Amino acid sequence: MTSTIVGLCLVLAVMLNFYILGVSRLRMLIAAVAMQGVLLGLLYPIVHQGFLPEAGGLTSMSPLALLRLALLTLAIVGVKGFLIPKLLFKAVLLANIRTTISSVIGFTPSLLLGGIGTGAALIFSKQLPLPEGHQHHLLIPVALATVLTGFLMLVTRREALGQVLGYIVLENGIFIFGLLLIEAVPLLVEFGIVLDMFVGVFVMGIIVNHVSRAFPEASTEHLQTLREEI
């Protein structure tokens with residue numbers, strides 16, 4: 001049952017990859033990245049349960065460990081699905097960013113490259129010398145496909161905010177890779193949240209940069225002024 005739910009979530013993540021590559025409206029793009037973040041956050045405890053002893057499952061964990069897992073899940077969902085998207089929407093509003101983004105190669109070629117990359121990831125993952133139990137797992141090909149999607153966003157989108165979203169998708173792929181290491185190195189997945197916080201700082205840097213161009217002596221008071229002028 002756990003593997004079925006994990007597989008369904010990973011398929012949805014791949015579908016969101018294609019949607020992200022094909023959409024040009026900035027708000028819809030941010031919403032899609034937020035949905036992918038929430039999906040991966042909810043995937044964390046499911047995969048965690050899958051690596052626990054089958055005899056006990058989550059019931060084999062101590063109350064303290066369960067609380068830690070619940071808090072970490074809420075943190076991942078909160079940061080990926082709500083905090084960072086909120087900052088991005090605020091950046092669109094305060095910095096007067098265009099509501100659409102453009103692609104250097106076009107959206108249709110981006111989708112084609114994404115499809116080819118996803119197929120190559122599926123083939124490549126089957127050739128890897130994986131440990132027993134991971135041979136038929138979708139985590140590796142989906143992680144590779146998501147990393148490729150983020151990379152395509154980074155190199156093909158002209159706007160800075162589009163590249164920020166590409167970085168977030170790239171980090172989502174790294175996060176999926178980290179799910180394979182829950183049993184061996186659980187802290188590695190938790191440190192992935194630090195990358196998300198870096199994105200938040202990066203987004204705020206974009207806001208400050210745009211405000212500084214409009215107001216040479218920029219301060220926090222100018223944010224309200226800029227909003228009124230918009």
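Residues that are modelled with pLDDT of 85 or more, in a helix (DSSP H, G or I), surrounded by 13 or more Cβ atoms within 10 Å (Cβ to Cβ) and hydrophobic (A, V, I, L, M, F, W, C): does region 44-59 have at least one?
No, every residue in region 44-59 fails to be modelled with pLDDT of 85 or more, in a helix (DSSP H, G or I), surrounded by 13 or more Cβ atoms within 10 Å (Cβ to Cβ) and hydrophobic (A, V, I, L, M, F, W, C).
Considering region 140-161 alone, what residues qualify as being within 13 Å of the chain's Cα centre (by Cα) and either modelled with pLDDT under 85 or of a type in the set (F, W, Y) (or both)?
Within region 140-161, just F151 meets the criteria.
Using beta carbons and a limit of 6 Å, which pairs, at least six apart or on different chains, have the first residue in region 162-174 and closer than 9 Å to G37 by Cβ and the second one assigned to a helix (DSSP H, G or I) and at pLDDT below 85?
I168/V199
Among the residues of region 67-82 satisfying the criterion of being out of contact with any Pro (no Cβ under 7 Å at 6 or more places or on another chain) and of a type in the set (V, I, T), which is farthest from L39 (Cα to Cα)?
Across region 67-82, the extreme among qualifying residues is V79.
Could you please give the count of residues in region 76-112 that are assigned to a helix (DSSP H, G or I) and more than 20 Å from I30 (Cβ to Cβ)?
Total meeting the criteria: 3.
Out of K80, K90, I need the residue that is modelled with pLDDT of 80 or more, surrounded by 15 or more Cβ atoms within 10 Å (Cβ to Cβ) and farther than 24 Å from G173 by Cβ. Which one?
K90
I need the full set of residues from region 24-44 which are free of Cβ contacts under 8 Å to residues at least 40 places away in the same chain and either among the polar types (S, T, N, Q) or closer than 17 Å to G150 by Cβ (or both), in order please.
A32, L39 - these are the residues of region 24-44 that are free of Cβ contacts under 8 Å to residues at least 40 places away in the same chain and either among the polar types (S, T, N, Q) or closer than 17 Å to G150 by Cβ (or both).
The values are calculated or read from the model by the stated rules, or taken from the named source; none is laboratory data. For clarity, every value in this text was computed on a predicted model and none was experimentally measured. Every residue, glycine among them, receives a Cβ derived from its backbone with ideal geometry; neighbour counts consider all protein chains shown.
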